[in-house]
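Single-structure report; data block below.
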Amino acid sequence: MEIIIFTGIQATGKSEFFKRRFYNTHVRINLDMLKTRNRENILINACLGAKQPFAVDNTNPTATDRKKYIDLAKNKRFKIIGYYFESIVNKAVERNESRSGKAKVPVNAIYATKSKLELPAYNEGFDELYYVKIKDNDFIVEDYTNEI
């Protein structure tokens with residue numbers, strides 16, 4: 001039983017990473033898809049009750065944003081795994097420009113998320129933390145050191 005929590009600004013590869021690494025094993029929790037916190041809560045509680053692994057594929061920029069998920073999962077004895085996605089604004093804006101339709105976010109939203117971004121830390125309750133960056137359309141995953 002585990003929960004995966006992504007952290008990073010928009011257009012850093014979080015959803016694509018989910019598709020490549022966790023699609024077959026974890027339920028995806030994503031506000032873009034679910035639209036409301038009520039729906040998100042219903043799905044999270046179902047996963048917790050069924051002991052179903054799940055991944056929270058949102059920006060989760062602050063420790064406060066992540067705390068809700070961590071507390072719920074810890075209470076159900078889930079392992080807490082975090083992935084921090086390299087959040088360089090100019091790279092994210094460039095990737096965002098290649099998107100179309102609803103996948104493309106307003107550029108000011110990327111800047112707004114970056115302005116409140118707090119790096120995740122083990123003392124938030126994570127059992128494991130990883131750093132993810134994109135290179136040549138592939139994901140490089142490294143152990144997280146809090147010095148990124």
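The values are calculated or read from the model by the stated rules, or taken from the named source; none is laboratory data. Remember, predicted model here, so these are calculated numbers, not experimental data. Heads up, the Cβs are rebuilt from the backbone with ideal geometry, glycines too, and the neighbour counts pull from every protein chain shown.
If you take the residues in region 66-86 that are under 12 Å from the mean Cα position of the chain (by Cα) and under 20 Å from Ser115 (Cβ atoms), which one is surrounded by the fewest Cβ atoms within 10 Å (Cβ to Cβ)?
Residue satisfying both the conditions and the ranking: Glu86.
Applying the selection to region 17-47, what residues are in contact (Cβ under 8 Å) with a residue 12 or more places away in the chain and within 20 Å of Asn96 (Cα to Cα)?
Hits for region 17-47 are Phe17, Phe18, Arg20, Asn30, Leu31, Asp32.
Given the residues Thr25, Thr12, which is the only one that is over 22 Å from Val105 (Cβ atoms), in a loop (DSSP other than H, G, I, E, B) and either polar (S, T, N, Q) or in contact with a Phe, Trp or Tyr (Cβ under 7 Å, 6 or more places away or on another chain) (or both)?
After applying the criteria, what remains is Thr25.
Could you please find all residues in region 44-97 being acidic (Asp, Glu) and within 21 Å of Gly125 (Cβ to Cβ)?
Matches in region 44-97: Asp57, Asp65, Asp71.
If we keep just the residues of region 48-87 that are touching a residue at least 60 places away in the same chain (Cβ under 8 Å) and of a type in the set (Val, Ile, Thr), which is nearest to Ala11 (Cα to Cα)?
Taking the candidates together, the pick is Ile81.
Considering only residues of region 95-112 that are without any contact (Cβ under 8 Å) to a residue 24 or more places away in the chain and assigned to a loop (DSSP other than H, G, I, E, B), which is surrounded by the most Cβ atoms within 10 Å (Cβ to Cβ)?
Lys104
How many residues, within region 113-148, are outside any helix (DSSP H, G or I), more than 14 Å from the chain's Cα centre (by Cα) and among the hydroxyl-bearing types (Ser, Thr, Tyr)?
The number of residues fulfilling the criteria is 2.
Report, by residue number, each residue of region 48-65 that is surrounded by fewer than 16 Cβ atoms within 10 Å (Cβ to Cβ), among the charged types (D, E, K, R) and not in a loop (DSSP other than H, G, I, E, B).
Across region 48-65, there are no qualifying residues.
Count, please, the residues in region 28-47 that happen to be farther than 22 Å from Arg77 by Cα and outside any loop (DSSP other than H, G, I, E, B).
7
Take the residues of region 117-144 that are charged (D, E, K, R) and within 15 Å of Phe17 (Cα to Cα): which is surrounded by the most Cβ atoms within 10 Å (Cβ to Cβ)?
Once the filter is applied, the top-ranked residue is Lys133.
Given the criteria under 16 Å from Lys14 (Cα atoms), in contact with a Ser or Thr (Cβ under 7 Å, 6 or more places away or on another chain) and either assigned to a strand (DSSP E or B) or touching a residue at least 12 places away in the same chain (Cβ under 8 Å) (or both), does Ala92 qualify?
yes
Would you check if Thr25 is crowded, with 21+ Cβ neighbours inside 10 Å, at pLDDT 95 or above and out of contact with any helix residue (DSSP H, G or I) (no Cβ under 6 Å at 6 or more places or on another chain)?
On the way: crowded, with 21+ Cβ neighbours inside 10 Å: no; at pLDDT 95 or above: yes; out of contact with any helix residue (DSSP H, G or I) (no Cβ under 6 Å at 6 or more places or on another chain): yes.
Considered against the rule, which asks whether it is crowded, with 21+ Cβ neighbours inside 10 Å, at pLDDT 95 or above and out of contact with any helix residue (DSSP H, G or I) (no Cβ under 6 Å at 6 or more places or on another chain), Thr25 comes out as no.
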